[in-house]
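A short worksheet on the structure shown next.
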Amino acid sequence: MKLWGGRFTKPTNQLVDEYTASISFDQKLAMFDIQGSLAHVSMLADCGIISQDDAIVISQGLKKVAKQIEAGTAELTVSNEDIHMNIEKLLIDQVGAVGGKLHTGRSRNDQVALDMRLYLRDALLQIGQLLTGLQQALITQAKANTETILPGYTHLQRAQPVLLAHHLLAYVFMFQRDLERLMDSWKRINRSPLGAGALAGTTFAIDREYVATKLGFDSITENSLDSVSDRDFVVEFLAAASLIITHLSRLSEELVQWSSAEFNFIELDDAFCTGSSMMPQKKNPDVPELVRGKTGRVYGHLIGMLTTLKGLPLAYNKDMQEDKEGMFDTVETIKGALALFAPMIETMQIHQKEMYQAVAQDYSNATDLADYLVQKGIPFREAHAIVGQTVLYSIEQKKYLLELSLGEFQQFSKVINHDIYQVLDPKAVVNARDVAGGTAQKRVESQVEQAEALLKQSQLWLEQKITCLSQLTIT
């Protein structure tokens, strides 16, 4: 008979057991479930709801169950449905009927909400550390390339030259926003729902704040109905994860392009590439390609969770069992991608000459010719037209702007002098963008300092949270 089977006159159909059971995936919550149960039983004893002796027996039993699960010797069965009932059954097998007192004053509804918050805050800190590792790798490459020039693109057409450091730092600041979103979500994740019961609270004089403090939560949730119904924190995480994988996918796309023979801007280390079973010359950028491919998977989990929640009445409904697999998969997908990206960025070779050659053989300095004419007193729209005609002439003559003679320039405007060659030099073009956030070398060096300061703040925040959780004593 199931632990809840007292009201039933026949066993559950085996197909129902198999279809409704969640133990195949929610066993990921096992250690968090035991952690919550240890805090709960400690509170029950502190409030005089169960005896101290019973609490000691139950706590010792839970720790033995934890060791069994860690060792892989615990028998987790579909007939016990989920991780909560499996652990309770294992506990009763260990300590006898007294183990049945553990569930006093709680429901699986508030229990699973607690477990998921414990799991997600742990995952958040792990992902945060991986994000800072990737930021550090990007910053290191940026600092090594504060003079490396490559084409900047719009519409995937060469637009204006930029420093490679400037380009890489754009991703550092993208990932900084991702970190800030995760850190901001902490205050909504780190709230204890235990004590909400099935939906209306409990008749036992429990101490919810005691459990929250034991488990390192900042506060408790306010409303019992909302406590068991709320999965906003999961949606918020999935949304933040979707942006992380978006940024990784954009970076992946550029790495794939840049490592092609057509660009030849970089070479990824052999450790992060694979070959072809047929074509022996191939070196495929499989890691960024697969990360790019997994983006749709993470998006799907976000949409799936929103769709599951959209029509649910209060409070708990079995539909909400669908809240876990997508969350677990998203955590593992993001962690896996970030763990690979940092060393891949650290070890990639930069082809500085090829990048510069690409800038020298295009018309990305045309805007600077227009700006030059404006500084000579020509209205911008007129200057724009003059430069357009100059570029068209250059294309017809199969020349780049720096290859035109002064006489050729002066066909289009007599105000152009010998100083135009200095103005159109790629290094001068880059350093002319001397505005806050621009690609001039000194501005980029300032951005490096800003990025390092933000990184240090994020690392400190993560270290503080990890330290606080590591110091929790739950007996």
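We did not get these values from a lab; they are worked out from the coordinates using the rules stated. Treat the numbers as computed from the prediction; the structure is a model and nothing was measured. Because the Cβ atoms are built from the backbone with ideal geometry, glycine has one as well, and the counts that use them run over all protein chains shown.
Rounded to the nearest 500, what is the chain's calculated 222 nm mean residue ellipticity when only DSSP H runs of at least 4 contribute -39500 (n - 2.57) each, over all residues? Result for the chain: -20000 deg cm²/dmol, rounded to the nearest 500. For the range 337-432, relative contact order (Cα pairs under 8 Å, six or more residues apart, normalised by length) works out to 30 percent.
Going by neighbour counts of Cβ atoms within 10 Å, the residues Leu302, Leu156, Leu312 line up, fewest first, as Leu156, Leu312, Leu302. Once the Cα atoms are used to define both axes, helix 286-309 deviates from the longest principal axis of the chain by about 50 degrees.
Applied to the range 133-150, the Karplus parametrisation 6.51 cos²θ - 1.76 cosθ + 1.60 on θ = phi - 60° returns per-residue 3J(HN,Hα) values of x, 5, 4, 4, 4, 5, 5, 4, 5, 5, 5, 7, 9, 7, 10, 7, 9, 9 Hz, with x for Gly and Pro. Of all lysines in the structure, the ones whose alpha carbon falls short of 17 Å from that of Lys353, not counting any fewer than 8 places away in one chain, are Lys427. Normalise the Debye intensity by I(0) for the range 1-98, one equal point scatterer per Cα, no solvent, then take log10 at q = 0.12 Å⁻¹ and round to two decimals. Taken in order of the listed q values, log10 I(q)/I(0) reads -0.43. A Förster radius of 56 Å combined with the Cβ-Cβ distance from Leu312 to Ser277 puts the calculated FRET efficiency at roughly 0.70.
Distances between placed amide hydrogens fall under 5 Å for Ser219 paired with Ser192, all partners being 5 or more residues away or on another chain. The eigenvalues of the Cα gyration tensor, multiplied by 5 and square-rooted, give the chain an equivalent ellipsoid with semi-axes of 61, 22, 19 Å from largest to smallest.
Using the Cα gyration tensor of the range 239-295, with a ≥ b ≥ c the square roots of its eigenvalues, what is the shape: rounded (a/c below 1.5), prolate (a/b larger than b/c) or oblate (neither)? Prolate, because a/c is 1.5 or more and a/b exceeds b/c. Shape of the range 285-378 from its Cα gyration tensor (a ≥ b ≥ c, root eigenvalues): rounded if a/c is under 1.5, otherwise prolate when a/b > b/c, or oblate? It comes out oblate by the Cα gyration axes. Only lysines eight or more places from Lys10 in sequence, or on another chain, were considered; those with a Cα closer than 16 Å are Lys2. Axis of helix 52-71 versus longest Cα principal axis of the chain: the two differ by about 50°, to the nearest ten degrees.
For the range 1-96, trypsin sites (Lys or Arg not before Pro) meeting the loop criterion (DSSP other than H, G, I, E, B) and having at most 16 other Cβ atoms within 10 Å: Lys2.
The spacing between the range 64-140 and the range 323-367, judged by their C-alpha centroids, is 35 Å. Of the peptides 329-337, 393-401, the order by per-residue mean of other Cβ atoms within 10 Å, starting with the highest, comes out as 329-337, 393-401. Using a cutoff of 8 angstrom between alpha carbon atoms and counting only pairs six or more residues apart, the relative contact order for the chain works out to 18 percent.
A cut-off of 5 Å between modelled amide H atoms, ignoring neighbours fewer than 5 places along the same chain, links Thr274 with Asn284, Asp286.
At 37 °C and 0.692 mPa s, grab the translational diffusion coefficient of the range 366-424 from Stokes-Einstein with a Kirkwood Rh over Cα pairs, rounded to a whole number in µm² per second. So the translational diffusion coefficient is about 293 µm²/s. Filter Lys214/Lys335; Lys310/Lys465; Lys28/Lys283; Lys187/Lys318 down to the pairs with a C-alpha to C-alpha distance above 30 Å, please. As for pairs spanning more than 30 Å Cα to Cα, those are Lys310/Lys465; Lys28/Lys283. Note on the range 108-150: the C-alpha convex hull projects to 3.9 nm² when averaged across all orientations. Taking a ≥ b ≥ c as the square roots of the Cα gyration tensor eigenvalues, the range 325-370 comes out oblate, since a/c reaches at least 1.5 and a/b does not exceed b/c. Looking at the range 30-104, the GluC sites (Glu not before Pro) that sit in a DSSP loop and have at most 12 other Cβ atoms within 10 Å of their own Cβ are Glu75. In percent, how large is the relative contact order of the range 5-104, given Cα pairs closer than 8 Å and 6 or more residues apart? With pairs under 8 Å counted, the relative contact order is 37 percent.
In degrees, nearest 10, range 0 to 90: what is the angle between the Cα axis of helix 380-397 and the longest Cα principal axis of the chain? The angle comes out near 80 degrees. Rounded to the nearest Hz, the phi-derived 3J(HN,Hα) couplings of the range 456-463 under the Karplus curve 6.51 cos²θ - 1.76 cosθ + 1.60 (θ = phi - 60°) are 4, 4, 5, 4, 5, 4, 5, 4, where x marks glycine and proline.
Give me the log10 of I(q) over I(0) for the range 130-233 at q = 0.16, 0.24 Å⁻¹, as the Debye formula computes it from C-alpha points; what are the numbers? Once normalised to I(0) and log-transformed, intensities are -0.77, -1.18. On a straight-distance basis, which aspartates and glutamates could pair with Lys67 in a cross-link, Cα separation under 19 angstrom, same-chain partners fewer than 8 positions away excluded? Hits, sequence-local ones excluded: Asp26, Asp33, Glu75, Asp82, Glu88, Asp93, Asp115.
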